[in-house]
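The values are calculated or read from the model by the stated rules, or taken from the named source; none is laboratory data. Just so it is clear, the structure is predicted and the values come from calculations on it, not from any experiment. With ideal geometry, Cβ positions are generated from the backbone for all residues, glycine too; neighbour counts draw on all protein chains shown. Protein only, heavy atoms only, side chains kept; ligands, DNA and RNA dropped before computing areas. Shrake-Rupley method; radii C 1.70, N 1.55, O 1.52, S 1.80 Å.
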Amino acid sequence: MKTRRHGALLLLLLAAALLLAEAALAIEPARDLAADGAEAARRGVPVLLAVTRADCEYCAALKREILEPMRLSGDEPGRVLIREVDVDSRREVTGFDGARASGWSVADGYEAMFTPTVLIVGPTGVELVERIIGLNTPEMYGWYLDRAIDEATAVMARAAAAQQPVDENP
């Protein structure tokens, strides 16, 4: 009898540990982009917005194979802030302008309705580089993304050196 209880307890603890490990791998959902923008400005890094949807296999692959390893490697938040904009979520998001909206509305404001779409924006939410749509070359995607983050960081650095807000693509 004790063995069964211990076995059940061990199974319960294992399940909880797996859930915690999965949660630790999760990309942070967009909640307050205005606060994220302020944090990005303070750190001098861009914000990566991953526009996803729940039933998108390519979105799951993007998160699992590209974004989660980036986050775990220390790229986030040292090099870029990563936030997920889920177009299916009912959770309201505070936009870069401080207005509350759905994930769908945030994505629609960027005309980013195809998923996955990766947008790299500055602290005010302005796109800094060409967006990456889809996941058609997974083996090269990390390289494309690294290049885009580096380019966005350079745009921000040039704007800071000129003491101008980043307000358009270069």
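In the range 93-152 the Cα-Cα distances spread across 10 Å bins starting at 0 as 21, 48, 27, 4 percent of all pairs.
Placing unit charges on each Cβ (+1 for Lys and Arg, -1 for Asp and Glu) gives the range 48-170 a dipole about its Cα centre, and among Ser73, Leu135, Gly125 the Cα reaching farthest toward its positive end belongs to Ser73.
For the range 57-160, just say rounded, prolate or oblate: build the C-alpha gyration tensor, square-root its eigenvalues into a ≥ b ≥ c, call rounded for a/c under 1.5, and beyond that prolate if a/b exceeds b/c, oblate if not. Oblate is the answer for the range 57-160, as a/c is 1.5 or above yet b/c matches or exceeds a/b. Summarising the amide proton neighbourhood of Ala30: residues at separation of 5 or more, or on other chains, whose placed amide H is nearer than 5 Å comprise Glu84, Val85, Asp86.
Between Val93 and Ala101, Ser102, Gly103, the built amide H atoms are under 5 Å apart, and every one of these is 5 or more places off in sequence or on another chain. Sorting the segments 61-67, 85-91 by their mean number of nearby beta carbons within 10 angstrom, highest to lowest, gives 61-67, 85-91.
Karplus-based coupling profile of the range 34-40, in residue order and whole Hz: 5, 5, 4, x, 5, 5, 4, with θ = phi - 60° in 6.51 cos²θ - 1.76 cosθ + 1.60 and x standing for Gly or Pro.
Residue-wise HN-Hα couplings along the range 101-107, as the Karplus relation 6.51 cos²θ - 1.76 cosθ + 1.60 with θ = phi - 60° gives them from phi, are 7, 7, x, 4, 5, 4, 4 Hz; Gly and Pro carry x.
A 1.4 Å probe run over the range 57-110, with the rest of the protein chains in place, finds 52 Å² accessible per residue.
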